[in-house]
Amino acid sequence: MTPVHEVELGTATLERFRSVLTDEQWQRLLRAAERGRKDFEGRVIWNVNSTARGGGVAELLASLVPYSRAAGVDVRWLVIDGDPAFFQITKRLHNMLHGAPGDGQGLSEPDRTVYRATSERNAAELVELVGPDDLVLLHDPQTAGLIEPLRARGTRVVWRCHVGVDVPNDLVRAAWAFLLPHVTAADRVVFSRAAFVWEGLDRSRVEVIPPSIDAFTPKNQPLAPGAIEAILRASRMHAGPTDGVATFARLDGTPGRVVRGVERNGSPPLPATAPAVVQVSRWDGLKDPRGVLRAYAESVAPVTDAHLVLAGPDTAAVADDPEGPAVLAEITAYAERLSPELRARVHLFSLPMDDLQENAIMVNALQRRADVVVQKSLAEGFGLTVAEAMWKARPVVASAVGGVQDQIVDGESGLLVDPEDLDGFARAVTGLLADPGRAEWMGHNARERVRGAFLGARHLEQYVELFEGIVS
């Protein structure tokens, strides 16, 4: 294990929000910032999770921490560590909280021993950093074992669970039986949606706070058509030489440039003029890339000229997701069994993670390039990629699971489908490809939906209210 370490981030400016919020939203944000400066003066709010790269939690923190600092609140981000055995257990927990067996090994008493030992080692370092009046916000199953050691020294602790299911099965119950003894000690427990709140928790200490996106990060900032093409060429997703304008604005305002290429996993580049159906997600069985590929091969490709892009992070760069390489290998093998003609229309891109902002601008360009963005997850805590695509005014087809249902108003700001219905998924995709006018209308509605409910300003306001309730 390496020591607990802090993710160094700068300070953003709240003034950015004026361009995307209504006047009422802007004034609410200013009032919340003023309360935060007053109520949390002299305190540090520590966010703690298990990875600085890959996944929605890391993206949320990379956005919200700088904006919180801009509001005058001392907010920081720490990352714990663990050995492969610990992350195998927590990945299993993650899958089971979604109702899936993962590696099928279940949770044993030796697993509890490993989990507790790793938590205690990390907690011993945390207590040396956290002051007596500080507040700690822990994220997801990897950190639940830190609650008791921190509470034992009087630290006020919030634990946030970003995952869950609407209808639990025995796997979910087993995961919660593992976690609940740790979680009950928290001052507050936060869920992304009300359906995820677990029985046995004190409801007076439960809050529901949906995630949000940052409209100004490289992943979501506006891009001109020429910039989109330049970025896709520079990253090797499109063929052809780059013209040297594959640039973007970094979070601190300095210019960035795309210099790394994606790993295409035996795929050809995406033709610049071909219609594209795109899913961007971790290489995770719960994101069901196999189902997307099968539905495309059997029901979308035969009736359209669209290509399919499945894109995800370089699997070697995501420490807390040990299943990624195996999932990518399975998808690659599936694609290789397709006919040569069909294989040429399937593109499997692994995006480099050496520079996270460079990675983000690649995702941005790819989503904006898409004719239809899909997210055919079998289970989903929230699904930030859905909101990100909606903010770009893209028509989205997504599974009616978890927090995706809170984002998309079916038939207005996107299409929701049964995650097990491959034919229904294919019909939704082909319908949008065949009707560009409807797709454009739906994309416009999607952007306004995100503006009203899923931008970071709302998230910051709710966090101020959450911690006000604790310190008071």
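None of the figures in this text is laboratory data; all of them are computed from the coordinates on show. Only a predicted model underlies this, so the values are computations on that prediction, with no experimental measurement involved. Here the Cβ positions follow ideal geometry from the backbone for every residue, glycine too, while neighbour counts run over all protein chains shown.
Brief remarks follow.
- Tensor-based shape of the range 19-69 (alpha-carbon gyration tensor, a/c under 1.5 rounded, otherwise prolate or oblate): oblate
- Excluding exposed DSSP-loop trypsin sites (Lys or Arg not before Pro) (at most 12 other C-beta within 10 Å), longest clean stretch of the chain: 154-336
- Computed from phi, the 3J(HN,Hα) profile of the range 102-112 under the Karplus parametrisation 6.51, -1.76, 1.60 (θ = phi - 60°) reads x, 7, x, 7, x, 10, 10, 5, x, 5, 4 Hz, with x in place of Gly and Pro.
- In a simple Cβ point-charge model (Lys, Arg +1; Asp, Glu -1; nothing else charged), the range 159-304 has a dipole of about 300 debye relative to its Cα centre.
- Sites Arg37 and Asp354, calculated FRET efficiency, Cβ-Cβ separation with R0 30 Å, nearest 0.05: 0.25
- Our estimate of slack between Leu201 and Gln105, defined as 0.36 nm per intervening residue step minus the Cα-Cα distance, is 31.9 nm.
- Based on Cα contacts under 8 Å between residues 6+ apart, the chain shows a relative contact order of 16 percent.
- Cβ-placed point charges (K, R +1; D, E -1), dipole of the chain about Cα centre in debye, nearest 20: 680
- A simple count of charges around Leu14, restricted to other residues whose Cβ falls under 14 Å of its Cβ and scoring Lys, Arg +1 and Asp, Glu -1, yields +4.
- Calculated FRET efficiency for the pair Asp421/Ser472, C-beta based, R₀ 51 Å, to 0.05: 0.60
- Against the chain, whose longest principal axis is taken from its Cα atoms, helix 436-453 shows a tilt of about 10°.
- Positive-end ranking of Asn122, Ile147, Pro110 along the dipole of the range 108-166, with charges on Cβ about the Cα centre, is headed by Ile147.
- Alpha carbon centroid spacing (whole Å) that separates the range 199-244 from the range 65-142: 24
- Overall form of the range 394-472 per C-alpha gyration tensor (a/c, 1.5; a/b vs b/c): oblate
- Local charge for Asp435 was computed over the other residues whose Cβ lies under 14 Å away, with Lys and Arg +1 and Asp and Glu -1, and equals 0.
- Percent of Cα-Cα distances greater than 36 Å, calculated over the chain: 26
- Environment charge of Thr254, counting only residues whose C-beta is closer than 14 Å and scoring Lys/Arg +1, Asp/Glu -1: -1
- Lysine pair count for the chain (Cα-Cα distance under 28 Å; residues 8 or more apart in sequence or on different chains): 9.
- Under the shape rule built on the C-alpha gyration tensor, where the axes satisfy a ≥ b ≥ c, the range 79-227 is rounded, since a/c falls short of 1.5.
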